[in-house]
Amino acid sequence: MKSNDKPARYVITGVTGQVGGAVAHALLANNKSVRAVVRDAAKGAAWAALGCEVAIADMNDTAALTTAFLGAAGVFFLLPPTFDPSPGFPEARAQIEAAAAALRAALPAKVVCISTVGAQATQTSLLTQLALLEKEFGGLPMPVAFLRPGWYMENARWDIAAAIDTGVIPSLLQPLDRPVPMVATADVGRMAADLLLQTWTGRRIVELEGPRRVAPNEIAAALAAILGRPVRMEIVARGTWGDLFRSQGMKNPDPRMRMIDGFNEGWIDFSTNYAGTCKGETPLETVLRDLVGQASITVPRLLLRPALRNET
């Protein structure tokens, strides 16, 4: 472990991803001490340069996680995404068990955990991994807040190439005029950092979406305005999804397909109505402009990447 002269207080996992990084930056901006948890020292160098303490821990290593969590005023936990899980989600179960054991041993003052919209759904899908996380972490002895964000606006990253190249974006979300709860990762990070600085008891659920819900057609219209060219969405027929995902290398596409079914059919949604959710400030157009700006550096030509989470 590498340390500076300030005691580490807030421990951040997933710090090299968009949400974890946003949490750490928000805490640093508030003059809080941060311990960044990474899988190898090279990934921690940039955080050490910002004054963070760096802990090296794999998410399957209970002992290393325990050391990373010791003495924390709060732990931000993000389950590494498994987009192509084995049947029964053994990969997620192992990481959840390791992290829960570490938290019980280290006893930080509180935990803020990234979950997902629809974590309460009873049907099995890719998001079941986060339902398992809520169930296990719900029994921890310290206060735990589950932050349930909507569909990440940044998933539109995988639409930029098609919008630029052909003006036609293939869409799994359908019908194309159905609004979906979406949120920017920056807003998720800010909310998580704010929760870490709050005090509560027991188990808490916070549901977060953006300023308004967004339909696929609205993404196309916004990109058309940004790019100055016609852009439209085109439905990808449900019957083709399995072959499509297998052609991309997936071995078990059913959980992913069921997740998208859940958004399309409405059984993946928040547990409360629109009025009861917290709202982020970042509009879709801001996120899309940033993504288009990044496209000049690199634009992945992969079709319809997973929508679960993008932090690793």
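Every number here is computed from the coordinates shown, using simple stated rules; none is lab data. As the structure is a computational prediction, the values presented were derived from the model and not from experiment. Ideal geometry is used to build each Cβ from the backbone, glycine not excepted, and the neighbour counts take in all protein chains shown.
Observations, loosely collected:
- Checking K135 against (1) surrounded by fewer than 22 Cβ atoms within 10 Å (Cβ to Cβ); (2) more than 30 Å from T277 (Cα to Cα), the condition it does not meet: (2)
- Scanning the range 68-108 for residues that are aromatic (F, W, Y) and more than 17 Å from the chain's Cα centre (by Cα) turns up F69, F89.
- Residue check for R157: part of a loop (DSSP other than H, G, I, E, B) and closer than 24 Å to R232 by Cβ: no
- Summed over the range 221-247, the residues that are of a type in the set (V, I, T) and part of a helix (DSSP H, G or I) give a count of 2.
- Single residue of the range 252-295 satisfying the filter (of a type in the set (G, A, S) and surrounded by 18 or more Cβ atoms within 10 Å (Cβ to Cβ)) that is farthest from N217 (Cα to Cα): G280
- For L197: the one exception among (1) within 18 Å of L176 (Cβ to Cβ); (2) hydrophobic (A, V, I, L, M, F, W, C); (3) touching a strand residue (DSSP E or B) at 6+ places or on another chain (Cβ under 9 Å): (1)
- Residue in the range 208-216 that is in contact with a strand residue (DSSP E or B) (Cβ under 8 Å, 6 or more places away or on another chain), under 20 Å from G14 (Cβ atoms) and touching a residue at least 12 places away in the same chain (Cβ under 8 Å) present: yes
- Considered as a group, the residues in the range 127-154 that are among the small types (G, A, S) and in a loop (DSSP other than H, G, I, E, B) include one that is farthest from T201 (Cα to Cα), and that residue is G150.
- A64 being among the hydrophobic types (A, V, I, L, M, F, W, C), in contact with a helix residue (DSSP H, G or I) (Cβ under 9 Å, 6 or more places away or on another chain) and either touching a residue at least 60 places away in the same chain (Cβ under 8 Å) or assigned to a helix (DSSP H, G or I) (or both): yes
- Selection status of G51, touching an Asp or Glu at 6+ places or on another chain (Cβ under 7 Å), in a loop (DSSP other than H, G, I, E, B), in contact (Cβ under 8 Å) with a residue 24 or more places away in the chain and on the phi > 0 side of the Ramachandran plot: no
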